[in-house]
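Engineer: I have a structure here, written as structure tokens, and I will follow up with some questions on it.
The values are calculated or read from the model by the stated rules, or taken from the named source; none is laboratory data. Everything numeric in this text was worked out from a predicted model, so none of it was measured. Heads up, the Cβs are rebuilt from the backbone with ideal geometry, glycines too, and the neighbour counts pull from every protein chain shown.
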Amino acid sequence: CMSASSSRFGSQRAHSSASRPLQRSVRTHCRPCPAEDTMVRGHAKEKAQEANAKKMAAMKKSGSQMDARKEGLKIVCPACKAPMTNYKCLQQHYDSKHPKETCPPEDSFAK
């Protein structure tokens, strides 16, 4: 036997979902059409391409960062083969990474 309160709540739930109409969105799609997008962004796209072309040309003139890095890293740690820029960095590296070993003299590295 059901009590009066449970039948009342059960009937409200049944009527509330059935009486509500389904809501449909007015939009047919979420993104703008490709034709609309190119019309609005056409000038900005051309400007961005021009700026990017200038930037890439400047990078080609200046050279590669990897080449500059190779020129800067002249000393190599004999223990772990880590590249260093100068002898002071090598001394600091030995103090922190290889504390039990002695740092080789500066004369042993060819300049």
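Engineer: Looking at the structure I just gave you, is THR102 surrounded by fewer than 10 Cβ atoms within 10 Å (Cβ to Cβ), among the β-branched types (Val, Ile, Thr) and more than 24 Å from the chain's Cα centre (by Cα)?
Structural biologist: yes
Engineer: Moving on to the next point. Hand me the list of helices (runs of 4 or more DSSP H) wholly inside the stretch 1-83 holding 3 or more residues that are over 37 Å from the mean Cα position of the chain (by Cα), modelled with pLDDT of 85 or more and surrounded by 10 or more Cβ atoms within 10 Å (Cβ to Cβ).
Structural biologist: Fully inside the stretch 1-83 and qualifying: nothing.
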